[in-house]
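Taken together, the values in this text are just the output of simple stated rules run on the coordinates, not laboratory data. Fair warning: this is a prediction, and the values are worked out from it, not measured in the lab. For neighbour counting, all protein chains shown are included, and Cβ atoms are generated from backbone atoms with ideal geometry for every residue, glycine included.
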């Protein structure tokens, strides 16, 4: 390995270290927002503003809390409460779904939402 090879490898490594955070920021896109999807449509709210929302689902009310950059379902009128037990999420692409109520919460919102399929 020549001196030029080592310099090229070092330069590529430095470029990769600089490009990685930039690519992550671009891929996150709307990572600072929550998209609340219901049968009536979508509502986008920021993760930076602490608030509580009452979302009307098909089987009842879902109470959503945004606090300290995370989102979680506090209460739901569904029978299993799986959405409540999911806890708080904050990373882009994270999903909380209340299937009986037809309510889906997605952190981010563009491109890869982590869902394989969507049925309406």
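Most tightly packed first, judged by the mean number of other beta-carbon atoms within 10 Å of their residues, the peptides 92-98, 9-15, 58-64 read 92-98, 58-64, 9-15. Taking the inverse of the mean 1/r over every pair of distinct Cα atoms in the range 31-120 gives a Kirkwood hydrodynamic radius of 12.8 Å. In plain terms, the chain from residue 77 to residue 58 could stretch by 5.9 nm, reckoned as 0.36 nm per residue minus the Cα-Cα distance. Sorted ascending by nearby beta carbons within 10 Å, beginning with the fewest, 90, 48, 76, 37 become 48, 90, 37, 76.
Using a simple spin-label model with pseudo-atoms 7 Å out from Cα toward Cβ, residue 51 and residue 3 lie 6.2 nm apart. Full extension of the chain segment joining residue 14 with residue 88 gains 23.1 nm, where the gain is 0.36 nm per residue of separation less the Cα-Cα distance.
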